[in-house]
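The values are calculated or read from the model by the stated rules, or taken from the named source; none is laboratory data. No experiment lies behind these values; they were computed from the predicted model shown. Neighbour counts run over all protein chains shown; Cβ positions are idealised from the backbone, glycine included.
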Amino acid sequence: MSEESGADGEDVPEPAREEVVQSVLRALAEHGYAGLTTKRVAAQSDKSEAFLFYHYDTKEDLVVAFLEWAVERLSRRLAALDDEDPVTRLYAACDLLLGDTDDDLDRGINVAMMELLAHAPHNERFHDRLVDYERAVLNDLAGVVQEGIDAGVFRPVDPEATAAYLLMTTDGTAGAVMALEMDDVDAMVRERLFDYVERTVLAESVDPPADWQ
């Protein structure tokens with residue numbers, strides 16, 4: 001790829017971008033980052049390798065495009081919960097962060113993310129995007145907890161510590177379940193996680209949402 005072109009995919013129309021990032025996702029899940037090439041991305045796509053060479057300088061640029069798309073996708077899904085009450089929003093956010101084992105896209109994204117986490121300590125672009133995303137989710141969860149405390153539906157727990165526990169639990173579970181196909185673990189962690197929320201976070205007079213009872 002040309003070092004002079006400075007191509008980073010910013011000029012790619014949205015439908016084509018969607019096609020490219022999902023092709024990166026599939027190639028990452030199949031070959032890992034070390035085995036990722038433009039040829040392997042093109043093999044997963046309707047777009048030619050020449051198209052990829054024209055719009056992206058390096059395979060790192062392709063991966064960054066995937067990361068930004070995946071982060072935007074989950075951020076939109078979390079933002080869609082904003083109109084819910086704090087109790088429903090907290091349960092739904094945890095459910096969303098755990099992922100859907102029956103959804104091939106959810107599974108593929110989590111497998112690819114686990115692969116990239118291993119490279120994040122050595123790649124500033126991956127590291128910064130993943131940290132910014134995790135911090136944003138952490139702040140969102142802490143905000144939900146604080147909102148519930150203010151509304152009297154949550155106990156006076158530490159919002160930041162509670163959010164950190166929930167995020168790290170969902171992150172770790174999604175990684176093991178999706179990447180290692182430990183689907184039996186998913187149901188067990190969900191049960192214990194929502195039991196924690198009910199016993200530790202919800203106020204005594206508050207019941208879990210109907211879908212989680």
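Number of residues in segment 147-167 that are within 18 Å of residue 209 (Cα to Cα) and without any contact (Cβ under 8 Å) to a residue 40 or more places away in the chain equals 1.
Examine segment 117-132 for a residue that is in the same structural domain as residue 150 (by TED's automatic domain parsing) and farther than 22 Å from residue 34 by Cα, and state whether such a residue exists. For segment 117-132, residues in the same structural domain as residue 150 (by TED's automatic domain parsing) and farther than 22 Å from residue 34 by Cα: present. When segment 148-164 is filtered for residues that are of a type outside the set (Val, Ile, Thr) and surrounded by 17 or more Cβ atoms within 10 Å (Cβ to Cβ), the ones remaining, listed by number, are 148, 154, 159, 163.
For segment 182-205, filtering for residues that are touching a residue at least 60 places away in the same chain (Cβ under 8 Å) and in contact with a Phe, Trp or Tyr (Cβ under 8 Å, 6 or more places away or on another chain) leaves 4. The residue that is nearest to the chain's Cα centre (by Cα), counting only those in segment 185-213 that are closer than 19 Å to residue 158 by Cβ and of a type in the set (A, V, I, L, M), is 193. There is at least one residue in segment 187-195 that is at pLDDT 95 or above and farther than 22 Å from residue 107 by Cα. For the residues 147, 191, the requirement of being touching a Pro at 6+ places or on another chain (Cβ under 9 Å) and in a helix (DSSP H, G or I) singles out 147.
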